[in-house]
Amino acid sequence: MESKNVEKTAPVKGRPKTAECRRYDTVIGLEVHIELSTKTKIFCGCSTKFGALPNTQTCPVCTGMPGSLPVLNKKVVEYAIALGLATNCRINQRTLFDRKNYFYPDNPQDYQISQLYEPICLDGYLEIAQDEGEKRGSSTASENKTGGGTSTVCKKATKTIRIHEMHMEEDAGKLTHDESEGISLVDYNRSGVPLIEIVSEPDMETAEEVIAYLEKLRMICLYLGISDCKLQEGSMRVDVNLSVKEAGSDILGTRTEMKNLNSFKAITRAIAAERERQIALLESGEKVEQETRRWDDTAGASYSMRSKEDSKDYRYFPEPDVMPVVISDAWIEEIKQRQPEFKEEKAARFEREYGIPAYDADILTQSRHLASLFEETATLSGQPKKTANWFMGELFRIIKETGKEPEEFTFSPKHAADLIVAVEEGKINQAGAKEVFAKVVLEDIEPLSYMEQHGLMSLSDEGALQAAIEEVIAENGAIVEEYRSGKDKVFGFLVGQVMKKTKGKADPGKVNELLKRNL
């Protein structure tokens with residue numbers, strides 16, 4: 001957390017035309033703050049629930065009252081270890097907390113308890129998928145590509161993004177500015193909410209790589225269940241450190257830090273704009289200043305906030321009120337054994353074991369909860385491909401229409417499986433099944449009872465179906481003759497008449513079969 005003396009300056013836009021255009025590489029590193037979903041804060045017992053009335057989830061510890069002492073939440077350490085293992089980090093088995101001193105109204109203690117000298121996780125990495133081409137992350141002064149310069153796509157490849165460290169720390173409060181009244185209000189509910197900050201190496205070159213890295217990191221956190229990673233609620237916050245250098249040079253340019261990025265779209269736009277701004281300065285013979293900048297997504301431009309501080313500016317020293325944390329081999333092994341099957345492994349297994357397309361497997365594993373619902377339903381029904389079709393079609397339609405998160409759907413996989421089996425056995429037609437499936441998903445009804453109570457069972461008595469077909473043939477003699485004379489298109493009309501007589505209860509396949517036999 002840094003001081004916030006915001007000095008607004010006009011954004012630099014555009015580039016001057018030059019006789020010779022140099023090429024530039026973009027170099028990007030990220031600082032990602034993940035707000036953990038523990039029930040209580042990192043150093044006190046106050047609730048972390050989002051959306052409570054301002055200053056209703058506070059105590060002397062998280063509001064920095066004199067004499068109050070922090071007590072470390074063990075679950076925060078456990079979550080940090082789990083994320084470190086999932087991102088191939090080395091776990092620092094003797095980890096320390098430090099004081100980071102700065103002064104701002106949302107920081108009631110005038111310091112933040114964080115980690116500098118002995119962070120909990122070190123030297124990790126994530127593999128991301130990327131397009132492999134002749135050129136990556138470079139641009140000329142005359143180019144204006146979104147997310148990074150030229151790229152000739154040849155094939156999909158993987159790229160390793162190194163993680164320098166992860167550390168635990170406490171969040172600050174939240175300021176709400178009322179410009180009409182000229183006042184700022186502070187809410188300390190968020191003060192003391194536990195964070196993990198993940199600091200990458202400057203290994204990314206394009207916005208596409210940045211988003212791929214963030215999406216994978218977010219998915220890991222969701223599968224671990226350690227955070228909901230909602231950017232719009234601030235539980236995942238991203239600072240982008242970006243610089244440009246002449247293509248092929250080993251000498252890095254001066255970097256800036258971009259803050260106030262609350263969506264992947266904003267991150268993409270900010271990267272493009274900041275790269276262009278820095279290249280424009282260099283082409284004009286000016287220098288890029290090392291500074292922190294605030295991104296204004298509405299204006300599509302950034303503004304200088306302050307010069308970039310170094311660690312010495314925060315006067316770090318070991319936190320005297322929190323003892324060192326010693327992490328045993330047994331504890332690491334216990335957490336390792338509880339690690340879930342992550343998305344990529346699960347998608348590959350779904351494709352292999354259930355014979356579903358790679359695309360379906362990828363979509364069905366976007367949520368750990370949704371993947372579990374699918375797998376249980378597929379197993380109980382014995383119809384994995386049909387289950388995938390119902391989920392990919394009807395379930396995702398319902399999710400889209402309701403605007404709910406997948407985790408909000410808690411229907412019984414057995415109820416869904418019973419309906420899918422009923423469809424396959426011809427007990428209900430497709431139209432009726434869609435109605436019942438929606439009831440299963442939204443209300444978790446027992447499908448077979450519902451079908452009987454609402455008259456949705458298919459007409460399975462062949463004698464009754466034969467009688468309905470004979471009536472339709474008798475009532476539509478002219479249409480029947482047209483069909484028999486070769487006009488196949490009228491067959492659909494006759495099928496519709498049979499379905500109408502049976503009040504939609506007949507199995508369309510059976511109707512087609514018997515009607516053709518009679519005609």
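The values are calculated or read from the model by the stated rules, or taken from the named source; none is laboratory data. Remember, it's a predicted structure, so these values are computed and weren't measured experimentally. Positions of Cβ are generated from backbone atoms using ideal geometry, with glycine treated the same way; all protein chains shown enter the neighbour counts.
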Check your understanding: Within the bounds of region 461-469, is there any residue that is acidic (Asp, Glu) and modelled with pLDDT under 90?
Key -> yes
Exercise for review: Please work out if Glu333 is at pLDDT 95 or above, of a type outside the set (A, V, I, L, M) and surrounded by fewer than 16 Cβ atoms within 10 Å (Cβ to Cβ).
Suggested key: yes
Practice item. Restricting attention to region 248-260, report how many residues are in contact with a Phe, Trp or Tyr (Cβ under 6 Å, 6 or more places away or on another chain) and surrounded by fewer than 20 Cβ atoms within 10 Å (Cβ to Cβ). Key: 1
Point to revise | Tally of residues being farther than 15 Å from Phe391 by Cβ and either among the aromatic types (Phe, Trp, Tyr) or surrounded by 13 or more Cβ atoms within 10 Å (Cβ to Cβ) (or both) across region 437-447 | key: 5
Review point. How many residues does region 323-340 contain that are within 25 Å of the chain's Cα centre (by Cα) and free of Cβ contacts under 8 Å to residues at least 40 places away in the same chain?
Key: 1
Check your understanding: So which residues in region 372-413 are within 24 Å of Leu224 (Cβ to Cβ), surrounded by 16 or more Cβ atoms within 10 Å (Cβ to Cβ) and among the polar types (S, T, N, Q)?
Key -> Thr377
Review point. Taking region 268-301, which residues are of a type outside the set (D, E, K, R) and over 20 Å from Glu208 (Cα atoms)?
Key: Ala280, Leu281, Leu282, Ser284, Gly285, Val288, Gln290, Thr292, Thr298, Ala299
Review point. Restricting to strands (runs of 3 or more DSSP E) lying wholly in region 42-148: which have 2 or more residues that are modelled with pLDDT of 95 or more and assigned by TED's automatic domain parsing to the domain that holds Ala280?
Key: 98-101, 111-114, 121-133
Check your understanding: Which residue out of Ala361, Ala416 is closer than 30 Å to Met499 by Cα, aliphatic (A, V, I, L, M) and crowded, with 18+ Cβ neighbours inside 10 Å?
Key -> Ala416
Review point. Are any residues in region 229-265 part of a strand (DSSP E or B) and of a type in the set (S, T, N, Q), and if so, which ones?
Key: Asn241, Ser243, Thr256, Asn260
Study note, to complete from the structure: Listed by range, helices (runs of 4 or more DSSP H) wholly within region 380-491 having at least 1 residues that are over 23 Å from Gln366 (Cα atoms) and touching a residue at least 40 places away in the same chain (Cβ under 8 Å) are 413-424, 430-443, 462-475
Review point. If you check Asn241 against the conditions, is it within 18 Å of the chain's Cα centre (by Cα), more than 30 Å from Glu345 (Cβ to Cβ) and assigned by TED's automatic domain parsing to the domain that holds Ile128?
Key: no
Study note, to complete from the structure: Arg275 fails exactly one of (1) outside any helix (DSSP H, G or I); (2) modelled with pLDDT of 95 or more, namely (1)
